[in-house]
Amino acid sequence: MTHRRSPPPPSWDFSLEDGSEKAHGLFSYLRYFWDDKAIASITPSSRYLVGRIIRAAQPEGARRVIEYGPGAGVVTRQILRRMSKEGRLLAVEMNQKFFVALSRRFHDPRMVLRRDDARLIDQIASEEGLSSVDAVISGIPFAFLPAPSRHELLKKTAALLKPGGRFVAYQITLHLVPLLKKYFRKTNIEWEVRNIPPHFVMTAYK
């Protein structure tokens, strides 16, 4: 894995595997949530929500995938587990602490981790040599973005997707649906209650 703008690592570790490491990882996540009000969920995504996101995104058949706001990396890990050896994942994380934790946790040559703002995805993708992608997965809370930024990011996302590509966004409200209908030809909505808080998983097709 390669990454950009890597700051000095913090003194704590971040892991969500099992046992004491899982508890420690959850504590760290809560610290990040407290420090960064742009994080929408108080806990990492549950396995039920992650499973629903992965089924919607279908990384098994994707060669190029972008993830906005990987956060704790629970979705990221499942993308990499299912992606082919020839696949490539570009993960864009703006939160410094999450970025450091992700850079220490993942060491997969198929993954490029950028500490950057997803709203600059057209520039970021160009720098990474990605002209079109099969899927974009987003965990960033669009409700926290100014209205013009929501339109801008969705427009850029649609432009990056190849025909038939899909944009999968998991959000706590349905506020994004009218905008998805503006930039994509078809939208499917699912609701996962087995998560804190429950999330909607929206899949928009180009």
Arrange the following residues from fewest to most other Cβ atoms within 10 Å of their Cβ: 99, 167. 99, 167
Between residue 111 and residues 5 or more places away or on another chain, which pairs have amide H atoms under 5 Å apart, with H built 1.01 Å from N, and which residues are they? 2, 89
Just rank 134, 117, fewest to most, by other beta-carbon atoms within 10 angstrom. 117, 134
For the stretch 146-159, 3J(HN,Hα) per residue [Karplus equation, 6.51 cos²θ - 1.76 cosθ + 1.60, θ = phi - 60°, Hz, x = Gly/Pro]: x, 3, x, 5, 4, 4, 4, 5, 5, 5, 5, 5, 4, 5
Under 5 Å, built H, 5+ apart or other chain: amide partners of residue 64: 88, 134, 135
For a 30 Å ceiling on Cα separation, which of these pairs sit above it: 97/156; 85/182; 97/186? 85/182; 97/186
Starting from the amide H of residue 138, placed 1.01 Å from N in the peptide plane, find each other amide H under 5 Å away whose residue is 5 or more places distant or on another chain. 68, 168, 169, 170
Two-site FRET efficiency, residue 147 against residue 194, from Cβ-Cβ distance with R₀ of 30 Å, rounded to 0.05: 0.45
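Quick note: the coordinates plus some simple rules give every number you see, no bench work behind them. Nothing here was measured: the structure is a model prediction, and the numbers come from that model. Positions of Cβ are generated from backbone atoms using ideal geometry, with glycine treated the same way; all protein chains shown enter the neighbour counts.
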